[in-house]
Amino acid sequence: MRRRFFVDEFENGSAILRGEGAHHLGRVLRAEPGQLFELSDGQSLWLARTESVGRDEVQFTLVEQLPATVAPVRIEMLLAIVKFDRFEWALEKATELGVDEIIPLAADRSEKGLLAAAAKRAERWKRILAESAQQARRLRIPGLADASKTREAFRASAAPLKLMFSERAGAQPLRDVLDPFAAAPRESDAPRVAIAIGPEGGWTDAEFAAANECGCVEVALGANILRTETAVCAALAAVQYAFGAFRKV
């Protein structure tokens, strides 16, 4: 299976790979002129041949446009900032499971030291998303927003279905909320769903109130209490399953 890389654009039958991707292709994989790779600009996918391999960039000639697929749902994840090793593991798995945008949350119960250091980790997090998207052979890299307060993120989300995962007894089963939404007829081929997953210790009463005001539906993944990163995997897998097969673009 050919490796896939992301480029900024395709222009006049050619493309240039720069940055970390070029370093990996040239220094680690030791690519040579004439080899074939897959390239994506986030909108289309091409088979491309290497023309020159330099220290900081790799130049390609486009050979053939390839069929690409996208998921039938666009998923926005509002993810509470937790210990960085677990948060970064969650970023990797969320990318593999098809998330489209991640908004790190400065939740009320997120550790203050982690929040203070989060901005310095943004570039590292973007690299994790890019590398995971390549490994998963996605068409595009998920977006990463700046860290936001929980209330502000709830208000900013325009998704028609906003799911707030909760351990409280009154939360509805995810299936009861998700299945009717997924089955409903709609004009758009890719409806949007927002998923909010909290930190260790859960959401505060103030955050529950803010979510309710913004139209979030409180849902549960089951009887067990899950770690943040476990909830990420379970929630995304459930949403992808509910919406079914991929479609070609």
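The values are calculated or read from the model by the stated rules, or taken from the named source; none is laboratory data. As the structure is a computational prediction, the values presented were derived from the model and not from experiment. Positions of Cβ are generated from backbone atoms using ideal geometry, with glycine treated the same way; all protein chains shown enter the neighbour counts.
Scan segment 54-106 for residues that are assigned to a loop (DSSP other than H, G, I, E, B) and among the small types (Gly, Ala, Ser) and jot them down.
Selection gives Gly54, Ala68, Ala71, Gly98.
Do we have any residue at all in segment 2-13 that's among the aromatic types (Phe, Trp, Tyr), under 30 Å from Gly201 (Cα atoms), crowded, with 16+ Cβ neighbours inside 10 Å and within 22 Å of the chain's Cα centre (by Cα)?
So far as segment 2-13 goes, no, none of its residues is among the aromatic types (Phe, Trp, Tyr), under 30 Å from Gly201 (Cα atoms), crowded, with 16+ Cβ neighbours inside 10 Å and within 22 Å of the chain's Cα centre (by Cα).
So that you can scan it fast, the table gives a plain yes or no per residue for (1) in contact (Cβ under 8 Å) with a residue 24 or more places away in the chain; (2) in the same structural domain as Gly202 (by TED's automatic domain parsing):
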position	(1), (2)
Ala15	yes, no
Arg30	no, no
Asp41	yes, no
Trp46	yes, no
Thr61	yes, no
Leu78	yes, yes
Glu88	yes, yes
Val99	yes, yes
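Which pairs do you get when a residue that is assigned by TED's automatic domain parsing to the domain that holds Gly222, found in segment 161-175, comes within reach of a residue that is of a type in the set (Lys, Arg), reach meaning Cβ atoms under 9 angstrom, with the pair 6+ apart or on two chains?
Leu161/Arg192
Considering segment 138-159 alone, what residues qualify as being of a type in the set (D, E, K, R), crowded, with 16+ Cβ neighbours inside 10 Å and assigned to a loop (DSSP other than H, G, I, E, B)?
Result: Arg138, single match.
Suppose the filter is without any contact (Cβ under 8 Å) to a residue 60 or more places away in the chain and β-branched (Val, Ile, Thr); does Ile195 pass it?
No: the conditions fail for Ile195.
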